[in-house]
Amino acid sequence: METIPSSLISPAKDSVLAFMNLLYPRRCVACQSDIVYNGGSALCGTCRSKIKILIDPLCLNCGQDVPEGGVRCRTCKKESYYFESARAFGAFEGPLKEMIHHFKYRGKDYLSGELARMLVQCWAVNKLFHDIEGIVPVPPHSARLRERGYDHTLLLAESFLKNMSARSLNASFKPMILYDRQFTRSKKTPTQTSLTRESRKTNVSDAFLWKGKTAICNKKILLIDDVCTTCATLNECAKVLKNAGAREVVCLTIARD
């Protein structure tokens, strides 16, 4: 079979991209400035440079550095958690916050790919996450799913798994199972955004149900969500997963507020 010379591929690709820019002009989802379509980021270079990256271990109580694998610094012992560790790619502010809002509330489901690549970057630098056996996205209530039209956390988890499978980032990479039907939100709760820390815990109490029976018994599970604020939702989900037999639960989010 004859192959196309590489010298012809680049000009052809450039022509396609030029046509896409003419036909479908793009704007940065954060600042609305024009950006060139190249199959890359939905943010312009300026906005992407403004993202405050938090991929290193941070205390869940005060935000200070903690040893690898920990969830609290040595001086913060305020709470116990059902999960073993939690990490976020960036701070929930500026362009990243705007991007998440577009993804979650404004119908831009295609952003799941780029946001999932952020999760992969966070995964890559935290060795505690390298022996995951299963992935569980935090589920929305069915009423919110109907309002939104798509399951944003499931899209994140699917894109994350696709990126992981394609890259096989290191020798310890293992195939992961995506559990997307067994975990449900059994009651519709008010949004967490306007609630106090204590109210958030009460709001999500008994809000989730695991239907997978023994599917995750003795497995290390990665719990995926978009934003972590007080960890109330992650902790409640982790409790349900632990009660269902999970050996360990670690949490990964795009942003932390």
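Quick check on my filter: what residues within the range 128-149 are in contact with a helix residue (DSSP H, G or I) (Cβ under 6 Å, 6 or more places away or on another chain) and either surrounded by fewer than 21 Cβ atoms within 10 Å (Cβ to Cβ) or not in a loop (DSSP other than H, G, I, E, B) (or both)?
Taking the range 128-149 and keeping what is in contact with a helix residue (DSSP H, G or I) (Cβ under 6 Å, 6 or more places away or on another chain), we get 129, 135, 137-138.
Listed by number, the residues that qualify are F129, I135, P137.
Filtering the range 105-127 to residues that are open to solvent by less than 40 Å² (accessible area, probe 1.4 Å) and under 15 Å from L154 (Cβ atoms) leaves L111, S112, G113, L115, A116, L119.
The values are calculated or read from the model by the stated rules, or taken from the named source; none is laboratory data. Computed from a prediction, not measured in an experiment: that's the story for all the values here. Glycine also receives a Cβ, built like all others from the backbone with ideal geometry; neighbour counts cover every protein chain displayed. To get the accessible areas, we keep the full protein, side chains included, count just its heavy atoms, and leave off ligands, DNA and RNA. Shrake-Rupley method; radii C 1.70, N 1.55, O 1.52, S 1.80 Å.
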